[in-house]
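Novice: The structure under discussion is supplied below as structure tokens; questions concerning it will follow.
The values are calculated or read from the model by the stated rules, or taken from the named source; none is laboratory data. All values reported here derive from a predicted model rather than from experimental measurement. Cβ atoms come from the backbone with ideal geometry, glycine included; neighbour counts cover every protein chain shown. Side chains included, ligands, DNA and RNA excluded: accessible areas come from the protein's heavy atoms. Shrake-Rupley method; radii C 1.70, N 1.55, O 1.52, S 1.80 Å.
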Amino acid sequence: MVGTWSVAANLSTPAMVVEGIQVVAGNQAKVVYAKGSHLISDAAYEERATLFGRSLGRENEPRTDSQLLQEALGIVKDADVIVAALGESSEMSGESSSRSELDIPDVQKELLAELLKTGKPVVLVLFTGRPLTLTWEDANVPAILNVWFGGSEAAYAIGDVLFGDVNPSGKLVATFPQNVGQIPLYYNHKITGRPLEQGRWFEKFRSNYLDVTNEPLYPFGYGLSYTTFTYGDVKLNMNEVTAGGSVTASVTVTNSGNLDGAEVVQLYIRDVVGSITRPIKELKGFEKIFLKAGETKTVEFAITPELLKFYNYDLNYVVEPGDFEVMIGGNSRDVKKAIFTYK
């Protein structure tokens, strides 16, 4: 629960996910549990992934993967909802813990597939210390709650979100790829000499793949809620600004769903032309707002010259004249745009 960087934590103290769910559920629901599977089918791999006294007890588990699976399928026969707490162990992250494949470990993925075959609603509670490749899970699992390694109180927080006592509003601080061949993948990359036209899958002699789009599975800043948020157009108080001046960018955000919730409004800026290659966008600000169902708020960002500066070829921290694109949205991909000129 506490992850690899907890170092001296008492590993037996934090509640497990099932215990957190039982506490939060109280008398609302009967909670049943099965182990489901080993961490991974390869025992030697599991040993390497659970060093430093953080064994998952495989040496004391005589049952095979098949027996664990059958127990799980038996437990869920009378269940209304299945919560599958899967993913990495704490020691699969951190120092000296690289992975060449970033899927959910094999035997866990087999368990998840069998649970889905029951036809019952499945919630994947995903433990991980890194972005994983979740293309299959995204296409097949009704709900994914990414909990990273949330610490000593994580079990109760997970329970609160699962039962709707808390409406989640977290956003990803890393880009999730569709597959490992896309890595390195990050939102603020430099433009290429032959960029693929937006909205296209493939074009010969462009920067693209034969077998997959350039897009990530989940972009930087992405995160869902139990409600939805709709963004209006970006408005600027001026289209041209002289040296030393600033621009105010504003956008209306509406809670277009049926539940109250919080949204992280994100500001990105692109220097369209620079003396050296500039990123296609950079996060320059964000604001978390709470909206009741149906409520609308206007969010404003002051864009000062300081937000436009970068280190040029001579390592001087400067802002250069030219066009700047302003992008505001709920993540780095789904944004509304406007442009102004700095003179």
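Novice: Taking helices (runs of 4 or more DSSP H) that do not extend beyond region 33-141, which have at least 1 residues that are at pLDDT 90 or above? Let's see the steps before the verdict.
Specialist: Values: elements: 43-48, 65-75, 106-117, 135-140.
Where helices (runs of 4 or more DSSP H) fall fully within region 33-141 and carry at least 1 residues being at pLDDT 90 or above, they are 65-75, 106-117, 135-140.
Novice: Residues to consider are Ala174, Ala154; find the one that is among the aliphatic types (A, V, I, L, M) and in contact (Cβ under 8 Å) with a residue 60 or more places away in the chain. Please lay out each step first, then the result.
Specialist: Details: Ala174 fails: in contact (Cβ under 8 Å) with a residue 60 or more places away in the chain.
From the options Ala174, Ala154, the qualifying one is Ala154.
Novice: Hey, another quick one. Taking region 148-171, which residues are aliphatic (A, V, I, L, M) and open to solvent by 40 Å² or more (accessible area, probe 1.4 Å)?
Specialist: Applying the first criterion (aliphatic (A, V, I, L, M)) to region 148-171 yields 154-155, 157-158, 161-162, 166.
Correct list: Ala157, Leu162, Val166.
Novice: Suppose we filter region 173-190 for residues that are in a loop (DSSP other than H, G, I, E, B) and in contact with a strand residue (DSSP E or B) (Cβ under 6 Å, 6 or more places away or on another chain); how many remain? Reasoning before the result, please.
Specialist: Filtering region 173-190 down to residues in a loop (DSSP other than H, G, I, E, B) leaves 173-175, 177-179, 183-189.
This time we only want the ones that are in contact with a strand residue (DSSP E or B) (Cβ under 6 Å, 6 or more places away or on another chain), so: 188.
Residues flagged as in a loop (DSSP other than H, G, I, E, B) and in contact with a strand residue (DSSP E or B) (Cβ under 6 Å, 6 or more places away or on another chain) within region 173-190 amount to 1.
Novice: Considering only residues that are in contact (Cβ under 8 Å) with a residue 40 or more places away in the chain and closer than 27 Å to Pro142 by Cβ, which ones fall in region 37-67?
Specialist: Residues satisfying the conditions are Ser37, His38, Leu39, Ile40, Ser41, Asp65.
Novice: If you don't mind, another one. Given the residues Glu295, Glu240, which is the only one that is of a type in the set (D, E, K, R), more than 24 Å from Tyr186 (Cβ to Cβ) and at pLDDT below 95?
Specialist: Working: Glu295 fails: at pLDDT below 95.
Testing whether each residue is of a type in the set (D, E, K, R), more than 24 Å from Tyr186 (Cβ to Cβ) and at pLDDT below 95 leaves just Glu240.
Novice: Does region 274-286 contain any residue that is in contact (Cβ under 8 Å) with a residue 24 or more places away in the chain and farther than 26 Å from Ala174 by Cβ?
Specialist: yes
Novice: Now for a separate question. For region 73-115, how many residues meet the condition of being under 22 Å from Phe176 (Cβ atoms) and open to solvent by 40 Å² or more (accessible area, probe 1.4 Å)?
Specialist: 10
Novice: Would a scan of region 205-217 turn up a residue that is surrounded by 12 or more Cβ atoms within 10 Å (Cβ to Cβ), modelled with pLDDT of 95 or more and touching a Pro at 6+ places or on another chain (Cβ under 7 Å)?
Specialist: yes
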